[in-house]
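Below is one structure, written out as structure tokens; comments come after it.
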Amino acid sequence: MIQISEKENCCGCTACMSVCAHHAITMELDNLGFKYPVVNEALCVNCGLCESVCAFNDLYDKTKNLDTPEIYAVRHKQIHEIEKSRSGAAFIALSDWIIENGGVVYGAGYTDHFRVVHKRATSKEERDEFRGSKYVQSDLTNTFKKVREDLKQGLYVLFSGTPCQTAGLRSYIGKKLSGKFYLVDIICHGVPSPSVWKDYISYTEIKERHRIVKVNFRDKKFGWRAHRESFVFDNGEEKNYDIYTYLFYQHIILRKSCGSCYYTNLQRPSDITIGDFWGWEKTDQNFNIDDKGCSLLFCNTKKGRDLFNSKREDLNSIPVNIGDCLQPNLQHPSILNSKMNSFENDYIKKGFGYVLYRYGNLGVRYKYRRIYHNMHFKCIHTAKTILNIILRKK
């Protein structure tokens, strides 16, 4: 039976729960809203399926991978698709083919009050909810089983998610049902806490005294490179912040398994990998000259290559050299914040407001850090200037 003694050893993909025919495994929330499997020993028959299906290790399935991924810079030919998407709208083109062929698409959307969950879409209108980045670990409850039922019905299925989610799903589905099954993963920086996101929504509504009716984790109106979250309130007002963004980039609210991720390499656990293409200028200085967004796309398997080629007429694409696109999370896992445990303890005991000011960018500590950083930078700059003057005089 599966037992999680250290949290960094579980990514929460739900494969073990989904494969258990005796319903002996449930996914239970921890204090940060991350889910972990818990076994009811009274129902468990020790069949070992839950352990064998786990793909969060070095042995995840790479048997279908090309020797070297085929890599492209990609932008949709329709500018309105780019403007509504996070990067270059590569996902829109790929998922269009699935829907046009009577298939279904799974991706991250919202339920309740902006709780991030995986949803099933059978139309382009439903699929459009999956556009854009969502910096929270999505809830996959029963999603794997739904995917399997769709495949049993003979439907084309495209599932998009983080690499750990796609690795777990591939292991759960197996080879027998994989003929019409397509996996798309993202270049993942790590998945933040669902509870912190929920508390941040509540904090913002209390602060602004209005209910949030729309969220955008990364509003493109500030430019494709910018990262600010935006909210639309029930009074029609829109406001932008970088509070949650700051915590995210501090790597202090990520799941602990993100620090030991097995998929931060070029042997991806999916047919296609997509993400922002930072450094696109090395490939073509004019490709994203309007700064509207550019996707990096990996064809990892023959099936992924065939899917990409099936919609290539809708995309502008340029081959990319591997050395020109190696982002940090294609080389190693995110380095977790050394204060992560302190953050969690303070969050449990003292609440969201306390940790926001102690570890975030609102409190006195943050302002002192900024002052110190600016003074340090100015001192170095001044010293270099004086040194240059002395050297010129010599």
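The values are calculated or read from the model by the stated rules, or taken from the named source; none is laboratory data. If you're wondering where the values come from, they're calculated on a predicted model, not measured in any experiment. Quick reminder, even Gly has a Cβ in these numbers, built from the backbone with ideal geometry, and neighbours come from all protein chains shown.
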**Q.** Verdict on residue 253 being within 30 Å of residue 358 (Cα to Cα), surrounded by 20 or more Cβ atoms within 10 Å (Cβ to Cβ), touching a Phe, Trp or Tyr at 6+ places or on another chain (Cβ under 9 Å) and not basic (Lys, Arg)
**A.** yes
Q.
All but one of (1) free of Cβ contacts under 8 Å to residues at least 60 places away in the same chain; (2) over 17 Å from the mean Cα position of the chain (by Cα); (3) closer than 28 Å to residue 325 by Cβ hold for residue 249; state the number of the condition that does not hold.
A. (2)
Q) Is the range 292-299 home to any residue that is aromatic (Phe, Trp, Tyr), in contact (Cβ under 8 Å) with a residue 24 or more places away in the chain and either more than 22 Å from residue 67 (Cβ to Cβ) or in contact with a Ser or Thr (Cβ under 7 Å, 6 or more places away or on another chain) (or both)? A) yes
Q. Taking the range 256-292 as the search range and keeping residues that are over 23 Å from residue 305 (Cβ atoms) and hydrophobic (A, V, I, L, M, F, W, C), which one is surrounded by the most Cβ atoms within 10 Å (Cβ to Cβ)?
A. 258
Q | When residues of the range 34-47 are limited to those that are surrounded by fewer than 20 Cβ atoms within 10 Å (Cβ to Cβ) and in contact (Cβ under 8 Å) with a residue 40 or more places away in the chain, the one farthest from residue 175 (Cα to Cα) | A | 41
Q. Could you list, in sequence order, the residues of the range 145-161 that are under 14 Å from residue 117 (Cβ atoms) and surrounded by fewer than 24 Cβ atoms within 10 Å (Cβ to Cβ)?
A. 146
Q.
Considering only the range 106-126, I want to know if a residue exists there that is among the hydroxyl-bearing types (Ser, Thr, Tyr), outside any strand (DSSP E or B), in the same structural domain as residue 77 (by TED's automatic domain parsing) and in contact (Cβ under 8 Å) with a residue 12 or more places away in the chain.
A. yes
Q) Do we have residue 191 as among the aliphatic types (A, V, I, L, M), in contact with a Lys or Arg (Cβ under 6 Å, 6 or more places away or on another chain), crowded, with 22+ Cβ neighbours inside 10 Å and touching a residue at least 60 places away in the same chain (Cβ under 8 Å) here? A) yes
Q: For residue 42, state whether it is more than 28 Å from residue 194 (Cα to Cα), in contact with a His (Cβ under 7 Å, 6 or more places away or on another chain) and not assigned by TED's automatic domain parsing to the domain that holds residue 221.
A: no
Q) Considering only the range 289-341, how many residues are of a type outside the set (Ser, Thr, Tyr), assigned to a loop (DSSP other than H, G, I, E, B) and within 26 Å of residue 258 (Cβ to Cβ)? A) 13
Q) Hey, residue 82 hits all of (1) part of a strand (DSSP E or B); (2) crowded, with 19+ Cβ neighbours inside 10 Å but one; which does it fall short on? A) (1)
Q: Return yes or no: is residue 115 closer than 23 Å to residue 213 by Cβ and either in contact with a Cys (Cβ under 8 Å, 6 or more places away or on another chain) or buried (at least 17 other Cβ atoms within 10 Å of the Cβ) (or both)?
A: no
